[in-house]
Amino acid sequence: MNFEFSEEQRMLEDSVYKWATAWLEPQMEHAYEVDEMPPTLFKELGNLGVNGIVFEEKYGGAALGYIETLLVYETIARVSNALSMTVGASQTLAFDNFRRNAPEKFKMEILPKSCTGEYIGCLGITEPNAGSDAMSMATRAVKKGDKYIINGSKIFITNGPVADFMLFYAKTDPDKGPHGISTFFFYPKKQKGFSVEKIKKWGMRTSPTGLITFDDMELPEENLVGGLNKGVAVLTSGLCTERITLSGCTLGSQRSCLELSLKYAKERVQFGKPIISFQSIQEKIANMYTGYLASKWMAYSAAAYCDTLENKSGGKGTDLDRMAAAALLYCGEMGTKIGLDAIQIHGGYGYCQEYAVTRHFLDQKLWEIGAGTSEIRRMIIARELMRDDFRSGK
Ligand SMILES: Cc1cc2nc3c(=O)[nH]c(=O)nc-3n(C[C@H](O)[C@H](O)[C@H](O)COP(=O)(O)OP(=O)(O)OC[C@H]3O[C@@H](n4cnc5c(N)ncnc54)[C@H](O)[C@@H]3O)c2cc1C
């Protein structure tokens, strides 16, 4: 058992943190106010070499693991939880899932552009009437000659308004229920037959979220990914790595909430003393530290386990499914608690928009909802605990 990061991992963390504090941080207050992603974000990350961390070198990636992916997302989130989510939605949800399931020809065409930052990706599962119950999706893909005609809509799509690439799911054989779902991709900036509406949110501002409506959108047959009616296998193959690596978004905010609160509590003087000298403030700080450390090891141990597996798809009946759901469940709920404590320590100033701690707090709540809600994660964990072959201790 080794709880230390390697020298290479520390160097990776340092280079991303240096970039995040020098380039990203000075823009964040304004970007959050106007709710806009810095337009060159992905190109910056391409120059840093962290866009395709787990991709093979032939695609322009760094051929590293999910521990490193988690570390990069945590480090970006120390400055912006929202933009770390935007990066994760592109690189892990869209492109990594595509890498696992798409034909080589398209991977060679698309993945190198995702690594340089030329392409931003998004993934469309959720629909206005199909959230937790994703299998009840209503988007249809009907075969007509050598084309598919797509109708329907996808909601809450991270990066939808700015994406160059979209991976999404649609019913190709509705009578077969979950066995009649297929996966498709297309290039939104070159495609007709769909529209995008930006959704206004009170948190996760700067991360663009869209409602995407397909209106007789025509796609060539070759844009089908992973085989006809095999969409559920594609969809589930990305959920565990998504839950593990996106835990990094909340970890980064937890860490910043702790650091900012510690600094503020040492500086802020009331009743003639720094407020850190009050026991009730110390109690909050101690709880924040303990919660962050526990969250960190939940997430990194799941990532380390994932990195040892040949097949990282997870799914029903795997330890990975339970560990990934537990990691994000714990990190997400702890993130909200730590965010609330940080606001309380900052008093009235914590209620003002220009404070970084407020942005972290507002962003944190998403992690009890996105990537499957806390309720759904508990259902997954319980389902796997009820397996006859479950042995406690893992
Ligand atoms: C900022 C943001 C970004 C997002 N990004 C993406 C993205 O990039 N791509 C994408 O496809 N989706 C994305 N989502 C969608 C997200 O995954 C869904 O919001 C989430 O899965 C919940 O679905 P819902 O909002 O429809 O809630 P619902 O499913 O309607 O749930 C409402 C409530 O009911 C509870 N509930 C539902 N079913 C059960 C049950 N069986 N037992 C107990 N409780 C239950 C839920 O836990 C929740 O508390 C994003 C959402 C947000 C807010």
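Inside the range 209-224, can you point out the residues that are in a strand (DSSP E or B), farther than 22 Å from Phe42 by Cβ and open to solvent by less than 30 Å² (accessible area, probe 1.4 Å)?
Within the range 209-224, Phe214, Met217, Leu219 qualify.
Given the conditions (1) in contact (Cβ under 8 Å) with a residue 12 or more places away in the chain; (2) under 19 Å from Ser261 (Cβ atoms), report the number of the one that Gln279 does not fulfil.
(1)
Within the range 135-158, restricting attention to residues that are near the ligand (Cβ under 7 Å from one of its atoms) and in contact with a helix residue (DSSP H, G or I) (Cβ under 8 Å, 6 or more places away or on another chain), which residue is farthest from Ser182 (Cα to Cα)?
Thr158
Among the candidates Glu375, Glu384, single out the residue that is within 20 Å of the chain's Cα centre (by Cα) and acidic (Asp, Glu).
Criteria check complete, one pass: Glu375.
Select from the range 85-115 the residues that are within 29 Å of Glu368 (Cβ to Cβ) and open to solvent by 20 Å² or more (accessible area, probe 1.4 Å) and list them in ascending order.
Once the filter is applied, which keeps residues that are within 29 Å of Glu368 (Cβ to Cβ) and open to solvent by 20 Å² or more (accessible area, probe 1.4 Å), the range 85-115 yields Leu93, Arg99, Arg100, Asn101.
Take Arg383 and decide whether it is open to solvent by less than 20 Å² (accessible area, probe 1.4 Å) and within 14 Å of the ligand (Cβ to nearest atom).
In short, no.
Identify all residues within the range 159-175 that are in contact with an Asp or Glu (Cβ under 9 Å, 6 or more places away or on another chain) and more than 12 Å from the ligand (Cβ to nearest atom); write none if there are none.
Matches in the range 159-175: Asp164 only.
Tell me, yes or no, whether the range 128-143 has at least one residue that is assigned by TED's automatic domain parsing to the domain that holds Met37, of a type in the set (S, T, N, Q) and at pLDDT 95 or above. If you could, list the steps in order and put the result at the bottom.
So in the range 128-143, the residues assigned by TED's automatic domain parsing to the domain that holds Met37 come out as none.
No: zero hits.
Which pairs have Cβ atoms under 7 Å, sit 6 or more apart or on different chains, and link a residue in the range 192-208 that is under 21 Å from Ser253 (Cβ atoms) and open to solvent by less than 30 Å² (accessible area, probe 1.4 Å) to one that is within 14 Å of the ligand (Cβ to nearest atom) and of a type in the set (Lys, Arg)?
Listed by first residue and then by second, the contacts come to Gly203/Lys365; Pro208/Lys198.
Within the range 311-319, is even one residue closer than 30 Å to Arg205 by Cβ and crowded, with 19+ Cβ neighbours inside 10 Å?
no
Applying the selection to the range 340-362, what residues are within 21 Å of Asp35 (Cβ to Cβ), part of a loop (DSSP other than H, G, I, E, B) and modelled with pLDDT of 95 or more?
Matches in the range 340-362: none.
Considering only the range 302-339, state which residues are touching a residue at least 24 places away in the same chain (Cβ under 8 Å), assigned to a helix (DSSP H, G or I) and among the polar types (S, T, N, Q).
Thr336, the sole residue that qualifies.
Going by what's in this entry, would Lys365 be described as away from the ligand (no atom under 16 Å from the Cβ), within 23 Å of Glu242 (Cβ to Cβ) and assigned to a helix (DSSP H, G or I)? Spell out the reasoning first.
On the way: away from the ligand (no atom under 16 Å from the Cβ): no; within 23 Å of Glu242 (Cβ to Cβ): yes; assigned to a helix (DSSP H, G or I): yes.
Answer is no for this residue.
Could you grab the pairs with beta carbons closer than 7 Å, sequence gap of 6+ or different chains, first residue in the range 362-378 and without any contact (Cβ under 8 Å) to a residue 60 or more places away in the chain, second one more than 8 Å from the ligand (Cβ to nearest atom)?
Final answer for the pair search is Glu368/Gly332; Glu368/Glu333; Glu368/Thr336; Ser374/Leu329; Ser374/Gly332; Ser374/Glu333; Ser374/Glu368; Arg378/Leu329.
The values are calculated or read from the model by the stated rules, or taken from the named source; none is laboratory data. From a predicted model like this one, the values you see are computed outputs, not experimental measurements. Ideal geometry is used to build each Cβ from the backbone, glycine not excepted, and the neighbour counts take in all protein chains shown. Keep in mind that these areas ignore ligands, DNA and RNA; they rest on the heavy atoms of the full protein, side chains included. Shrake-Rupley method; radii C 1.70, N 1.55, O 1.52, S 1.80 Å.
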